[in-house]
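For reference, the structure discussed in these notes is given below.
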Amino acid sequence: MITLKEALTKSNEEMEALRRELETKAKASGLNAYVGFESSGEGVPILIKDNIQVKDWSVTAGSKILQGYIAPYEATVITNLKSKGMMAFGRANMDEFAMGSTTESSCYGATINPHGDNRVPGGSSGGSAAAVAGGIAIAALGSDTGGSIRQPAAYCGVVGMKPTYGRVSRFGLGAYASSLDQIGPIAQNVEDAAILYDAIKGHDDKDSTSADFEIEDIANNLNPDVKLTIAVIDSYVEAADTDVQKAFFDTVAKLEAAGHTIVRKELSNTKYDIATYYVLATAEAATNLARYDGVRYGTRAESKSTEELFFNTRSEGFGEEVKRRIMLGNFVLSSGYYDAYYVKAQKVRHLIRDEFNAIFEVADLILSPVAPSVAPKIGESEDPLEMYKSDMYTLGVNLAGFPGISVPVAKNDEGMPVGLQLIAKAFNEKVLFDGAASLEKAVNYK
């Protein structure tokens, strides 16, 4: 597959031929990574997750409740892409409303990991990651609320990057948890991810959480020969399986051989990450999804009264995982439980961020696993609690608002990829990408 860097040198006629080729290959692949083949303008085709608004496209967030909805406006990231010689092409499959870790909750059916016919690609941006890994997309945009870019990138053997909260506009992104969501790139390599990040980053007056300052472009100044201090959290790795542990310690050795300084640190609050995340994320989700009621847009169920309209539309339109999270969110926000759960979770969130920042006082980056195992088989994640545990390494980054990037480092004996993530302090994307480029060079993943 041609890289994004190479594609940006091609003519519009060559890109039009490539778009036709990608559509043909995607339909024949059997991966179910694309759920639509709309295109917008001219330029290098970038696959777009199905929760990012592209004007005049059908955008459904993988849910029955949004069937028939046509986006009346464009997300800022799409406008930015067009200004950089790229275009939106195709909608990527995803877990319904980005709630899931396997892309099995989509109303369009499960996406298949190209490294194994019976393996999930991760989630919620599983369609984006599977398409890039399967050679049916040059690069893609995903969204990351608790690891939804980095985890599928790790499962599929590609690069996935979550920017600092506020670095990329959320205007036009279908909200799951507004204080956690970030749009980011999924690409074949670190340089392509940096190119796509450079294209979409920047301040946006339409997003009240957008950071109002500019920093230099990164892709043209990548330094894979940088020497950094990298912290590793040994206690993190104890919960991972042997494939991930082996890949982690082998990678640490390669980073040391490349001249990086490795320091050992601890994070005592990590055991609270999952509980804190699911209290806060579901509370925000319950609020954000209240707008889907059959009145304003999307699917409308047959009913004889307004109350029945709300009940039937939401019962028929939402999948089981979305209903589960709405119920949990309403519970933690309810009278009598708000202080005990939601307020306490917000306090713990600050403790988590403070612990990360203490490490960044002595280290440039933190290296950790992305997931405790390689991609599970389809149907193995039916227990919600087990699925939630697969995000144990990624949630803290979103809670703290830091940037993180997943880079493939190895494959296990079955040929399934293992990815590790680097984490940087807020707005330190330059160091993050330099470290990722150095990691990519050191492991020489094929």
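Just so it is clear, none of the values below were taken in a lab; they were calculated from the coordinates. Note that the coordinates shown come from a computational prediction; the quantities given were computed from them, not determined experimentally. Note: ideal-geometry Cβ built from the backbone for every residue, glycine included; neighbour counts use all protein chains shown.
Distance from the Cα centre of region 114-168 to that of region 32-51, in angstrom?
Spelled out, the Cα-based centre of one part sits 15 Å from the other.
Give me the percent relative contact order of region 216-284, please, defined on Cα pairs under 8 angstrom at least 6 residues apart.
Normalised by residue count, the contact order of region 216-284 is 41 percent.
Relative contact order for the chain: what is it in percent, counting Cα pairs under 8 Å that are at least 6 residues apart?
18
Kindly state, to the nearest 0.05, the FRET efficiency for N444 paired with R291, given R0 = 56 Å and r defined as their beta-carbon distance.
For N444 and R291, the calculated efficiency is 0.70.
For the chain, what is the convex hull volume of the alpha-carbon atoms per residue, in Å³?
In the chain, the Cα hull volume divided by residue count equals 131 Å³.
Which of A61, A154, M387 sits farthest toward the positive end of the charge dipole of the chain, with +1 on the Cβ of Lys and Arg and -1 on the Cβ of Asp and Glu?
Of the candidates, A61 comes out farthest on the positive side.
Just from its helices, what would the mean residue ellipticity at 222 nm be for the chain, if runs of 4 or more DSSP H residues each count -39500 (n - 2.57) and the sum is divided by every residue, rounded to the nearest 500 deg cm²/dmol?
When only DSSP H runs of four or more count, the value is -11000 deg cm²/dmol.
Ratio to report: Rg/Rh of region 161-207, with Cα atoms as the point set and Rh obtained by the Kirkwood method; give two decimals.
With Rg and the Kirkwood Rh in hand, the quotient comes to 0.97.
Place a +1 charge on the Cβ of each Lys and Arg in the chain and a -1 charge on the Cβ of each Asp and Glu, then give the dipole magnitude about the Cα centre in debye, rounded to the nearest 20.
The dipole of the chain has a size of about 280 debye.
Place +1 on the Cβ of every Lys and Arg and -1 on the Cβ of every Asp and Glu in the chain, take the dipole about the Cα centre, and give the residue among V226, Y342, F433 whose Cα lies farthest towards its positive end.
Of the listed residues, the answer is Y342.
Given q = 0.13, 0.14, 0.20 Å⁻¹, what are the Debye log10 I(q)/I(0) values for region 294-426, with equal point scatterers placed on the Cα positions and solvent ignored?
-0.85, -0.92, -1.17
Express the C-alpha Rg of region 161-311 as a ratio against the empirical globular expectation 2.2 N^0.38 Å, rounded to two decimals.
So the Cα radius of gyration is 1.45 times the expected 2.2 N^0.38 Å.
Using Cα pairs closer than 8 Å and at least 6 residues apart in sequence, work out the relative contact order for region 1-127, in percent.
For region 1-127, the relative contact order is 25 percent.
In 10 Å bins starting at zero, report the fraction of Cα pairs in region 380-443 per bin as a rounded %.
Going out from 0 Å in 10 Å bins, region 380-443 shows 19, 38, 33, 10 percent.
Which residue, T251, A283, L267, has the largest displacement toward the positive end of the dipole of region 239-292 when charges sit on each Cβ (Lys, Arg +1; Asp, Glu -1)?
A283
How big is region 223-348 on each of its three principal axes, counting only the C-alpha atoms and giving the largest first in Å?
70, 33, 30
For region 247-311 and region 59-106, write down the distance between their C-alpha centroids in whole Å.
First find each Cα centre; the distance between them is then 17 Å.
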